[in-house]
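The structure appears right after this line, and notes come after that.
The values are calculated or read from the model by the stated rules, or taken from the named source; none is laboratory data. Quick caveat, the model's predicted, so the values are computed rather than measured. Note that each Cβ is placed from the backbone with ideal geometry, even for glycine, and that neighbours are counted across all protein chains shown. Just so you know, the surface numbers come from the protein's heavy atoms only, side chains and all, with ligands and any DNA or RNA stripped out. Shrake-Rupley method; radii C 1.70, N 1.55, O 1.52, S 1.80 Å.
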Amino acid sequence: MTLPLALSGDQWLALAGVLSGVLVGGGGLVFAYFNGKSERQHGERLARSSRLHEQRFTAYREISRLLERQRLYLTRTEPFLGPKADPPPPLDDEEWAMVSGLAAISPSEDVLAALEDASERAGDFESDAFLLRRIKARPPAARVDEDPDDELKARTTMDAARGEALDAISEAQRKMREELAEL
């Protein structure tokens with residue numbers, strides 16, 4: 001059994017118009033829902049990225065300050081040519097704890113690895129500088145059985161370690177700048 005729809009042509013057009021309006025309106029509501037959801041997610045991502053950028057910028061600024069202080073130490077300790085100003089004093093416990101805390105939680109894996117490499121290279125330099133100072137501090141009578149080139153060898157080793165440490169500091173700072181630019 002079929003139901004005859006006794007509608008005239010104008011009525012069919014009106015019905016088609018109403019149905020198409022319902023479809024377009026319903027589609028608009030569905031689109032608005034998903035578009036709004038997408039916009040909220042995008043806004044949340046931007047807010048997270050902004051917070052991460054600010055957090056890392058603050059940490060990297062303080063870490064870079066420490067690295068620049070380390071750079072001064074490297075360039076002013078046992079300089080090859082002529083006297084230079086004294087190296088900066090070591091960080092006090094409060095400064096060291098603050099920067100170490102930032103370095104423990106803020107950097108990415110790549111930056112953290114670069115910071116650890118810079119720290120290791122600076123430690124190598126410090127060991128080599130200590131050895132050179134010990135050789136230079138020996139009285140001439142104690143140097144009788146030594147190779148006369150010991151001081152030159154120690155200086156060469158220390159200067160190579162200085163260069164590696166300075167390069168590692170530059171690399172760590174480069175990684176921090178690139179990472180901040182990508183956030």
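When Ala16, Ala6, Ala47 are checked against the criterion of being at pLDDT below 80, over 23 Å from the mean Cα position of the chain (by Cα), part of a helix (DSSP H, G or I) and of a type in the set (A, V, I, L, M), a single residue qualifies: Ala16. Looking across segment 109-138 at every residue that is over 17 Å from Leu66 (Cβ atoms) and among the acidic types (Asp, Glu), the one that is most open to solvent (accessible area, probe 1.4 Å) is identified as Glu109.
Checking each residue in segment 159-177 for being open to solvent by 10 Å² or more (accessible area, probe 1.4 Å), more than 16 Å from the chain's Cα centre (by Cα) and in contact (Cβ under 8 Å) with a residue 60 or more places away in the chain picks out Asp159, Arg162, Leu166. For segment 34-45, does any single residue satisfy the condition of being hydrophobic (A, V, I, L, M, F, W, C) and either open to solvent by 50 Å² or more (accessible area, probe 1.4 Å) or more than 30 Å from Glu178 (Cβ to Cβ) (or both)? Yes - at least one qualifying residue is present in segment 34-45. Selection of segment 139-158 for residues being more than 37 Å from the chain's Cα centre (by Cα), surrounded by 13 or more Cβ atoms within 10 Å (Cβ to Cβ) and without any contact (Cβ under 8 Å) to a residue 12 or more places away in the chain yields only Arg143.
From the list Arg56, Arg69, Arg61, exactly one residue is in contact with an Asp or Glu (Cβ under 8 Å, 6 or more places away or on another chain), at pLDDT 85 or above and in a helix (DSSP H, G or I). Which is it?
Of the residues listed, the single one that is in contact with an Asp or Glu (Cβ under 8 Å, 6 or more places away or on another chain), at pLDDT 85 or above and in a helix (DSSP H, G or I) is Arg56.
For segment 70-96, the set of residues classified as open to solvent by less than 80 Å² (accessible area, probe 1.4 Å) and closer than 14 Å to Phe125 by Cβ consists of Gln70, Arg71, Leu72, Tyr73, Leu74, Thr75, Arg76, Thr77, Glu78, Pro79, Pro87, listed by residue number. For Val99, the conditions (1) at pLDDT below 90; (2) open to solvent by 30 Å² or more (accessible area, probe 1.4 Å); (3) not aromatic (Phe, Trp, Tyr) all hold with the exception of (2).
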